[in-house]
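A.B. asks: Quick one: the structure is below, and I'll ask about it shortly.
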Amino acid sequence: MHSSDSHTASRRWEETTPRVSGQPMEQLPLDLYIPADALAIWLEQFEGPLDLLLYLIRKHNIDILEIPVARVTEQYLEYLELMKSMAIELAAEYLLMAAWLAEIKSRMLLPPEPRDDEEEPLDPRAELVERLLEYERTTRAAGWLDERPRGERDWFALSVDPPPSLPAPPVPADLDGLIGAMKRLLREGSVKRAHHVRAEPLSIRQRMTDILDALQSGRTRPLADFFRPEEGRMGIAVCTVAILELTRTRAIDWEQDEPYGPVTLYRVEADPVDMEEDDA
Amino acid sequence: MSDERRTPPEPPEGLVELVEALLLAHPEPLSLDAIGGMVGQETAQALVEAALERLAARYEAHRFIELDRVTREGVPRWRLVAGASLAPYLKAGDPARAPRLTRAALETLALIAWRQPITRGEIESARGVAVNPQIIKQLTERGWIRSLGYRDTPGRPEMLGTTPAFLDDFGLDSLSELPDFERLAGQDDIDV
């Protein structure tokens, strides 16, 4: 499974494989010999062109960073033909991918642009590789989620609703005790928040969601509200990055009436009047 | 669980049953403090803990129900749950119960969880296919995703994110418990 091994393996494969009418005669997919109905079901289960492409790459043990584009394109088109012949309605994305592969293939044939001393010429496959890796991460993330014990599938929260007509069950609890516990819970909650902050991008994502929540339904909030001193420097950094990222993607905006004056954040869709004075 | 050197205090008569009933009567998992606040301040926390231990031992013998300990907002909490062994029986009674998630739905949910706030366009670009509106509807109905507003870019795309119910159903205390997305790609692909 080491990339260097599979790399050389794929090279060797290309050199030694007999060619039939210019196409490498690879071992035909074994799936070809399964009954047509089953084949159709199997072909339909691909989640799109990236999924199909990733399947071909994994199946032939191809190093994803060294994709033999010509060969993979042939195989990809073979599968498209197969799907068409089984009357599977092909989504437009499959054809788009075929065109993209053809474009990459033709750019691979051109000599690379003269390289600078240090920089490697841009590989025409780079974007494809990035998309494939991103998709693979997505499938693994999905698998990770699926394996977790899930409520309503692997466990079921039990709770008994007291009949609404009956008075509250006689629980020996005094009001002071309840209020005391409530206060402690609240206090606990505010202290524990600090533990959410870690130097990883996910807590930034969490904070972005929190900020969007706080700015819901036309509310504006002063910038200072979002910084929690108890979170320390890391908290401020996370908060700043979250606000900058939200601003960059035009999810929120801010205004400031005077230099060094207080900054107010708002959600862009919430305040259409202010959008005209976007003169920055 | 607890220190073996000193024997846990004996919970007073009826406390184990009371704690059990409280856990059942509350839809949310309860912390020690929350239980303590309900049974009365005069009951020492150690006694509540002892009662929980008794309860756990009692349910150990139960094939379908267990005392579950989860962490919410960094605080341990308890609840009674029925385990996976009950699922086939529930399903037999109601085949439509908790329909299976398709791969497309799981991948969409994963992108929303890891990449929120994310737009449909970004999901489409990551998966290479159009987003099926039924999937967004299904995930919204399960209470796992929600709208986080709209981006002020052409088309004003909607931003999607996860809900607290998503964290709860997947047993997560917070989003930071999700593994690092960048490390999810095959290790053999990036060791060059």
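The values are calculated or read from the model by the stated rules, or taken from the named source; none is laboratory data. Predicted, not measured: the structure shown is a model, and the values here were computed from it. FYI the Cβ positions are ideal-geometry reconstructions off the backbone, even for glycines, and counts take in every protein chain you see.
A.B. asks: Among the residues of segment A:221-240, what is the count of those that are part of a strand (DSSP E or B) and over 12 Å from A:Arg267 (Cα atoms)?
C.D. replies: Residues of segment A:221-240 that are part of a strand (DSSP E or B), as a first pass: A:221-222.
When the remaining residues are screened for being over 12 Å from A:Arg267 (Cα atoms), the result is A:222.
Total satisfying the criteria: 1.
A.B. asks: Hey, A:Leu65 hits all of (1) without any contact (Cβ under 8 Å) to a residue 60 or more places away in the chain; (2) part of a helix (DSSP H, G or I) but one; which does it fall short on?
C.D. replies: With (1) without any contact (Cβ under 8 Å) to a residue 60 or more places away in the chain; (2) part of a helix (DSSP H, G or I) applied to A:Leu65, the lone miss is (1).
A.B. asks: Continuing with the same structure: On the basis of being more than 7 Å from chain A (Cβ to nearest Cβ), closer than 28 Å to A:Thr138 by Cβ and at pLDDT below 95, does B:Arg103 make the cut? Before the answer, list the steps.
C.D. replies: Working: more than 7 Å from chain A (Cβ to nearest Cβ): no; closer than 28 Å to A:Thr138 by Cβ: yes; at pLDDT below 95: yes.
Taking the combined requirement at face value, the residue does not satisfy it.
A.B. asks: Tell me, which residue of segment A:203-220 that is over 12 Å from A:Leu265 (Cβ atoms), among the hydroxyl-bearing types (Ser, Thr, Tyr) and in contact (Cβ under 8 Å) with a residue 24 or more places away in the chain is surrounded by the fewest Cβ atoms within 10 Å (Cβ to Cβ)?
C.D. replies: Per the criteria, the residue is A:Ser217.
A.B. asks: Hey, can you tell me all the residues within segment A:257-267 that are at pLDDT below 80 and in contact with a strand residue (DSSP E or B) (Cβ under 8 Å, 6 or more places away or on another chain)?
C.D. replies: Answer for segment A:257-267, where residues must be at pLDDT below 80 and in contact with a strand residue (DSSP E or B) (Cβ under 8 Å, 6 or more places away or on another chain): just A:Pro262.
A.B. asks: If you go through segment A:202-250 one residue at a time, how many are at positive phi and within 28 Å of the chain's Cα centre (by Cα)?
C.D. replies: If we filter segment A:202-250 for residues that are at positive phi, which is where we start, we get A:217-218, A:232, A:250.
Remaining after also requiring within 28 Å of the chain's Cα centre (by Cα): A:217, A:250.
Result for segment A:202-250: 2.
A.B. asks: Restricting to segment A:221-258, give me the number of residues that are surrounded by fewer than 17 Cβ atoms within 10 Å (Cβ to Cβ) and of a type in the set (Val, Ile, Thr).
C.D. replies: Selection size over segment A:221-258: 4.
A.B. asks: Further question: Hey, among B:Leu22, B:Leu52, which residue is part of a helix (DSSP H, G or I), facing another protein chain (nearest Cβ under 9 Å) and crowded, with 16+ Cβ neighbours inside 10 Å? Give the derivation first.
C.D. replies: Values: B:Leu52 fails: facing another protein chain (nearest Cβ under 9 Å).
Result of the check over B:Leu22, B:Leu52: B:Leu22.
A.B. asks: Follow-up question, since we're still on this one. List the number of the failed condition for B:Asp94; all other conditions in (1) surrounded by fewer than 17 Cβ atoms within 10 Å (Cβ to Cβ); (2) in contact with a helix residue (DSSP H, G or I) (Cβ under 9 Å, 6 or more places away or on another chain); (3) within 12 Å of another protein chain (Cβ to nearest Cβ); (4) free of Cβ contacts under 8 Å to residues at least 12 places away in the same chain hold.
C.D. replies: Condition (2) is where B:Asp94 drops out.
A.B. asks: Mind listing whichever residues of segment B:152-172 are crowded, with 18+ Cβ neighbours inside 10 Å and farther than 25 Å from A:Glu130 by Cα?
C.D. replies: Within segment B:152-172, B:Asp152, B:Thr162, B:Phe166, B:Leu167, B:Asp168, B:Asp169, B:Phe170, B:Leu172 meet the criteria.
Results for (1) among the small types (Gly, Ala, Ser); (2) within 21 Å of the chain's Cα centre (by Cα); (3) closer than 30 Å to A:Val129 by Cα, shown as yes or no for each residue.
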position	(1), (2), (3)
B:Arg72	no, yes, no
B:Val75	no, yes, no
B:Gly83	yes, yes, no
B:Leu101	no, yes, yes
B:Arg127	no, no, yes
B:Arg142	no, yes, no
B:Arg146	no, yes, no
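A.B. asks: Moving on. If you take the residues of segment B:30-49 that are at negative phi and at the interface with chain A (Cβ under 8 Å from one of its Cβ atoms), which of them is surrounded by the fewest Cβ atoms within 10 Å (Cβ to Cβ)? Spell out the reasoning first.
C.D. replies: Here is the first cut: in segment B:30-49, the ones at negative phi are B:30-39, B:41-49.
Now narrow it down to the ones that are at the interface with chain A (Cβ under 8 Å from one of its Cβ atoms): B:31, B:33-34, B:36-39, B:41.
Numbers: B:Ser31: 20, B:Asp33: 20, B:Ala34: 22, B:Gly36: 23, B:Gly37: 23, B:Met38: 21, B:Val39: 22, B:Gln41: 14.
Filtering segment B:30-49 for residues that are at negative phi and at the interface with chain A (Cβ under 8 Å from one of its Cβ atoms), the one surrounded by the fewest Cβ atoms within 10 Å (Cβ to Cβ) comes out as B:Gln41.
A.B. asks: Further question on the same structure: Exactly one of (1) surrounded by fewer than 17 Cβ atoms within 10 Å (Cβ to Cβ); (2) within 11 Å of chain A (Cβ to nearest Cβ) is unmet by B:Lys137. Its number?
C.D. replies: (2)
A.B. asks: Would you pick out the residues in segment A:148-185 that are modelled with pLDDT of 75 or more and of a type in the set (Val, Ile, Thr)?
C.D. replies: If the condition is that a residue be modelled with pLDDT of 75 or more and of a type in the set (Val, Ile, Thr), then A:Val160 is the only one that fits.
A.B. asks: Taking the conditions exactly as written (buried (at least 21 other Cβ atoms within 10 Å of the Cβ) and at the interface with chain A (Cβ under 8 Å from one of its Cβ atoms)), does B:Leu80 satisfy them or not?
C.D. replies: On the way: buried (at least 21 other Cβ atoms within 10 Å of the Cβ): yes; at the interface with chain A (Cβ under 8 Å from one of its Cβ atoms): yes.
The answer is yes for B:Leu80.
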